[in-house]
Amino acid sequence: MYRETDIVQDTSIEGDLIINVGPQHPSTHGVLHLVITLNGETIKKIEPHLGYIHRSIEKMCESLSYRQFIYVTSKMDYLSSHINNHGCALCIENGLQIEVPPRAQAIRVLMDELTRMASHQLWWGANAMDIGALTPFFHAFREREMINDIFEETCGTRLTMNYMVPGGVMADLHPNFQKRVKEFIPHFKSKIVEYDELLTDNIIFQNRTKGIGIISKEDAISYGCTGPVARGSGVYCDVRKLNPYEIYSQLKFDEIIETGGDCFARYMVRMREMKQSLSIIEQLIDVIPEGDFQAKTKAVLKLPKGEFYSQIETARGEFGVYIVSEGGTTPYRIKFRSPGFSNLSALDFMARGSKIGDLIAIMGSLDLVIPDIDR
Amino acid sequence: MPSLENIADIIHTWLNITFNSTTALLIELVIVAVSAIGLFSMLGLILIMMERKVSAYMQVRLGPNRVGPKGMFQTVADTLKLMVKEGMTPNGADKFLFNLAPFIVMIVAMVILAPLAFAKNFQLWDLNIGILFVASVSSVSVIGILMAGWASNNKYSLLGAMRSGAQIVSYELSAGLSIITIVILTGSLKISTIIQSQSDGWWIFKGHIPALIAFVIFIIAVTAETNRAPFDLAEAESELTAGFHTEYSGMKFALFFLAEYVNIFIVCVLGATLFLGGWMPLHFGTDTRFNELMDYIPSSLWLFGKTFFLIFIIMWFRWTFPRLRIDQLLNLEWKYLLPISMFNLLLTTLMAIMGWHF
Amino acid sequence: MFLKKYLQDIYYAVKSLLIGMRRTGYYFTHHKEIITQQYPDNKDSLSLPERFRGEVVMIHDENNEHACTGCTACELACPNATIKIITQIDTTPEGKKKKALNTFVYHLDLCTFCNLCIVACPTDAIKMANTFEHSVFDRSKLTKILNKPDSKIRAGIE
């Protein structure tokens, strides 16, 4: 019988310590399996073994109609499910040449940015927990809970919303939406100062992250890293800036770039991105255009024969949707480019030669969501 | 007013009247053993409850609040659960060492209890090298941890045990040096003498800045020695799952857990004894009314109050700070704490010779 | 110079640690910041938003009439085959044959609450209810029949 560990044992040099981190391990945040070759505490090699939560989502989507398959994608990167759904909706609209009403576009951008903030908040807490501080996790959940409540009111659910549909959004904003978001903005502004007090300025945290897991700009590009991981190394890769979708071209926001390339740079990118998302929300919340929230579409969608691709910036990086259509009601072939997979591939490069504690810090800074990697 | 000293005296005289002296001594030994074990189990329950409540409030949670009034019996329920759980021994483990390790850790914690003074004239064994005894016996506990890590036949446990070995051995240095600071000022290793020397003021006030520095270093070093966060590398939950006690379950795990908390208690009693005057009440200069009021509070309460204050500070550390990496941990010891405490020792010696302290 | 940097490092390190401790100390002493909700105790005051997706229910009015025509639009819209509609052929008083709903089978254990069936329904016969305590001891209890016994289609719904 094929056993992965046998193969690893055979190729190892005698005297190395081989540890299986995961699939059940507190800080792999899911069922990721890393086979680590150690020399004492120093890491010599890391081999990620994937597939423990492979649900063949791409194949599943081929049997679902264009309206139905969007929902399944929210189970991939469940922390930015809105943005995944949005990417799929964009690809379908791109194929059908649907014009999305301005109100729907504004709502989509608002939801995306709220999702990004919620995702980064969870990452902040989980990253702190990986490094050993347990308190920030609960503080992060306090703010995330407010965003979840906002989602619950408008979208009906808290995690996998299925709110973005081809042609717009599923329902109009809840009447309370603006009020709740306006309550959230000052609350979060006061709490992000505490985030800095608790973690960013902490000398132990800085020592644990500065100069750890360095990846240069060139290497980040060659490993295909996107999102905060690449931007922490100074790569301009924000899809919202490079290839603006919806109304992002009309909004004022900065692409966050840090040049350190280490865990702390990636940490700072996400911390500053939260503030940028907040400013985008502040710009939009008072000027949501009136009008339809959904364009008129046919009951059964049929994409024309051809290939369609659209990309979107999730909280973890560039998410791509590639649809091959034969003209039927279901996609002929579908492929998702998930940010987590490419970011994970750089883990071995980053962590070689560092300690076990560093590996955990690096994994935390990559912000891995395992279902996104395995799909 | 009944104090612990009076109770002990009453029991002692009654036993000596009723039985002959040998039997009385044997009965006293049994009473001491039972009360030590009782103290341990009570400490385990109270400290774990305290830790859970402290962490809950710092994490904007409520904490345990279902079992009993305000959740006070939660730890009792947990202990019951651990008692009825199966204590498994892994197949590849060294069975003898694996089962021995938790008891070694526990026995070490119990032995250190002997020279500690819990109240005025209430001490099991006031030997003349009390502090030295505590410092030397406490370093035996690392053997128990190494044993557990090695015998578990688990790579995580082994890594945790090795980390713990390096950590405890190096942090003993600065803990020892800060203890010596007080020994220099007092001129005695006997715990009762150390406490007596603080009758006109605690060392942390009398000893100027050197005593303060020694106190801070002592707290940091004992936090590391008891494997508490931010120095909990031996357990390092997010790195090594549970470190040296990954493979333990049931009551054997509970013994490790209990030993951790008892060790915290012991080092905090030691800290209170050395720096905060042990059972000595707080006295302010010549304000006799205030001093009399302070004397009215029983001496055991003074000691426990000070101890729990120190325990709270150590818990506060745990729930605020991230964990250090193993090389940073050793850097902190060898590059910062040790040079500072060496320098501090010189300063204290100078101060003691010149008689600058009060 | 070296000594100055050494001492400066220690000063900033201790300062950053004390700032963190001040923050946790604040939360330790300010208990009104606690955000825990004690769920089963606050059941009476618990209010869920009206859009909350708990489970699919069929709307029945006081005459035990529903609006479902048995068109199977929801069944087709469902990604996980959660809904199964069994239809029958009714004969109207005028003698015309008409398709009507017999049983609306809803598998709660398969449902992912995506709301697509509600959107697809042309007559607004079904909606999402706010109930969320779905745990049962037997899996078969999660297979529900949504149309009430002896219910009829409301007049005028085509």
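The values are calculated or read from the model by the stated rules, or taken from the named source; none is laboratory data. For clarity, every value in this text was computed on a predicted model and none was experimentally measured. Don't worry about glycine lacking a Cβ; one is built from the backbone with ideal geometry, like all the others, and counts go over all protein chains shown.
State all residues of segment A:170-184 that are over 14 Å from residue A:121 (Cα atoms) and part of a helix (DSSP H, G or I); if no residue qualifies, say none. Within segment A:170-184, A:177, A:178, A:179, A:180, A:181, A:182, A:183 meet the criteria. Among the residues of segment A:169-203, those that are touching a residue at least 40 places away in the same chain (Cβ under 8 Å) and of a type in the set (A, V, I, L, M) comprise A:169, A:170, A:171, A:173, A:181, A:185, A:192, A:198, A:199. Between B:182, B:213, B:209, B:195, the distinction of being of a type in the set (A, V, I, L, M), surrounded by 24 or more Cβ atoms within 10 Å (Cβ to Cβ) and more than 14 Å from chain A (Cβ to nearest Cβ) belongs to B:182 only. If you go through segment A:335-375 and keep only what is under 13 Å from residue A:29 (Cβ atoms) and of a type in the set (Gly, Ala, Ser), you end up with A:340, A:364, A:365.
Out of all the residues in segment B:44-67, which are more than 14 Å from chain A (Cβ to nearest Cβ), within 20 Å of residue B:255 (Cβ to Cβ) and crowded, with 19+ Cβ neighbours inside 10 Å? Residues satisfying the conditions are B:44, B:45, B:47, B:48, B:49. With respect to the conditions (1) polar (S, T, N, Q); (2) part of a loop (DSSP other than H, G, I, E, B); (3) more than 14 Å from every other protein chain (Cβ to nearest Cβ), residue A:310 lacks only one, and its number is (2). Of A:256, A:285, A:281, all but one fail to be under 23 Å from residue A:206 (Cα atoms) and of a type in the set (A, V, I, L, M); the exception is A:256.
Of B:155, B:120, all but one fail to be within 14 Å of another protein chain (Cβ to nearest Cβ), at negative phi and surrounded by fewer than 24 Cβ atoms within 10 Å (Cβ to Cβ); the exception is B:155.
Looking across segment A:156-168 at every residue that is touching a residue at least 40 places away in the same chain (Cβ under 8 Å) and within 17 Å of residue A:117 (Cα to Cα), the one that is nearest to the other protein chains (Cβ to nearest Cβ) is identified as A:160. In segment C:57-158, counting only strands (runs of 3 or more DSSP E) that sit wholly within it, the ones holding 3 or more residues that are more than 14 Å from every other protein chain (Cβ to nearest Cβ) and at pLDDT 85 or above span C:83-91, C:97-107, C:143-145. Every listed requirement among (1) assigned to a helix (DSSP H, G or I); (2) within 14 Å of another protein chain (Cβ to nearest Cβ); (3) surrounded by 16 or more Cβ atoms within 10 Å (Cβ to Cβ) is met by residue B:70 save one, (3). Restricting segment B:214-269 to residues that are farther than 28 Å from residue B:202 by Cβ and of a type in the set (Phe, Trp, Tyr), the residue that is farthest from the chain's Cα centre (by Cα) is B:248.
When restricted to residues that are surrounded by fewer than 20 Cβ atoms within 10 Å (Cβ to Cβ), among the hydroxyl-bearing types (Ser, Thr, Tyr) and within 11 Å of chain C (Cβ to nearest Cβ), segment A:169-216 contains 1.
Do we find a residue being under 20 Å from the mean Cα position of the chain (by Cα) and touching a residue at least 60 places away in the same chain (Cβ under 8 Å) anywhere in segment A:326-334? Yes - at least one qualifying residue is present in segment A:326-334. Being surrounded by 22 or more Cβ atoms within 10 Å (Cβ to Cβ), within 17 Å of the chain's Cα centre (by Cα) and either without any contact (Cβ under 8 Å) to a residue 12 or more places away in the chain or part of a helix (DSSP H, G or I) (or both) is the requirement here; does residue B:175 meet it? In short, yes.
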